[in-house]
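The values are calculated or read from the model by the stated rules, or taken from the named source; none is laboratory data. Computed from a predicted model, the values in this text were never measured in an experiment. Backbone-built Cβ (ideal geometry, glycine too); neighbour counts: all protein chains shown.
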Amino acid sequence: MEDRINRFRKALPEGLDGALICSDVGRAYLTGLHSSAGTLLVLREAVYFIIDFRYIEKARLTVKGCEVILEDKLSEQLNKLLKQHQVSRLGIESSYLTVQRYQAFQQKLSAEIAMGNEISGILKKMRMFKSPEEVRKIKAAQKITDETFSHILNYIKPGMTEREIARELRDFADRQGSEGPSFDYIVVSGKNSSMPHGVPSEKPIASGDFVTMDFGCIIDGYCSDMTRTIAVGSCTDEMRQVYETVLAAQNAVFASIRLGVSCKEADAAARNLIEKNYKGCFGHGTGHSVGLEIHEQPACNTRDTTLLEPGMIMTVEPGIYLEGRFGVRIEDMVLVTETGCENLTGSPKELFIL
Ligand SMILES: [Mn+2]
């Protein structure tokens, strides 16, 4: 973590004397401590972590590379430090700070609070590239996700509701050691499966339904993300054809990922294949990066021109959604490597008919 703070300090843009890091994820990334409050003041020559009584003991024991201070009157404490270091201009995390908090800083702090996006940009860029330690955590989270999928295959029976299945996914993953669900799980069946981000309902699973399950775990704060679609009872030729097309689209993306390929090009690999027969039925991006947050930058979509580079972890999740009828999505996570990509997801993808 000390290394992250130092890299961040070195990247501070000219014209800023430092930065206020107030987001949960920004603090967790730079200090290693997960908390729901606290302020990290990063200056060129010193770093201060001001945090309240609830976290102070843990912070003193674990946070390295900065002076840990018990929060009392935050603005007075900050002003004292700003004066001591002759700070005149501070950056903030524009993508996380609320307008209310920004205005409070503006009114109460002696330094000018710069409105730019540089600080958020630097942190997002740093977080794009996962260290071996971060990769290990995401792999551990995915391992539990894979175990949860094999469990649910034996658990799903016609008549169970989408919410019952979502609950079992969460409970099983927690029992296997997940720190919690990495997002609100999606379990949609039958007609509901044509809604990519449908919310699990009291609808019972019926024979002939597709069931799409999108879920993930958290280990040491790091997320995993996976989607599988399975059939219950039976499956029509059309359902099978849609399923095989989505799988082929996913494989086309894996084959496209190599050094120098952009996110946009990886997205096109899936999109071009799907649009041949299912135009207008794939209305979301092909994937996104995953880390401390479930959605990170970059993202494989029709706009993001970021080049894929080793150390990035991306989901690959094409789908086909036939409105009012059914849908299929298949999602794995891959690590971009020097030579292509490594699939971090172990769950099988042949079409299961339970
Ligand atoms: Mn995803």
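Could you say whether any residue in region 318-336 is free of Cβ contacts under 8 Å to residues at least 40 places away in the same chain and either surrounded by 15 or more Cβ atoms within 10 Å (Cβ to Cβ) or in the same structural domain as Lys191 (by TED's automatic domain parsing) (or both)? Checking region 318-336: not a single residue is free of Cβ contacts under 8 Å to residues at least 40 places away in the same chain and either surrounded by 15 or more Cβ atoms within 10 Å (Cβ to Cβ) or in the same structural domain as Lys191 (by TED's automatic domain parsing) (or both).
Residue pairs whose Cβ atoms lie under 6 Å apart, sitting 6 or more positions apart in sequence or on different chains, and linking a residue in region 299-314 that is outside the structural domain of Thr339 (by TED's automatic domain parsing) to a partner that is not in a loop (DSSP other than H, G, I, E, B), do not occur here. Candidates are the residues of region 342-354 that are more than 16 Å from the ligand (Cβ to nearest atom) and in contact (Cβ under 8 Å) with a residue 60 or more places away in the chain; the one that is farthest from Ala231 (Cα to Cα) is Gly346. Taking region 31-116 as the region of interest, the helices (runs of 4 or more DSSP H) fully inside it that hold 3 or more residues being within 27 Å of the chain's Cα centre (by Cα) and not assigned by TED's automatic domain parsing to the domain that holds Glu293 are 53-62, 99-108. The set of residues from region 79-121 being farther than 13 Å from Gly15 by Cα and of a type in the set (Lys, Arg) comprises Lys80, Lys83, Arg101, Lys108. In a residue-by-residue description of region 270-278, the property of being in a loop (DSSP other than H, G, I, E, B), over 15 Å from Phe129 (Cα atoms) and over 21 Å from the mean Cα position of the chain (by Cα) applies to at least one position.
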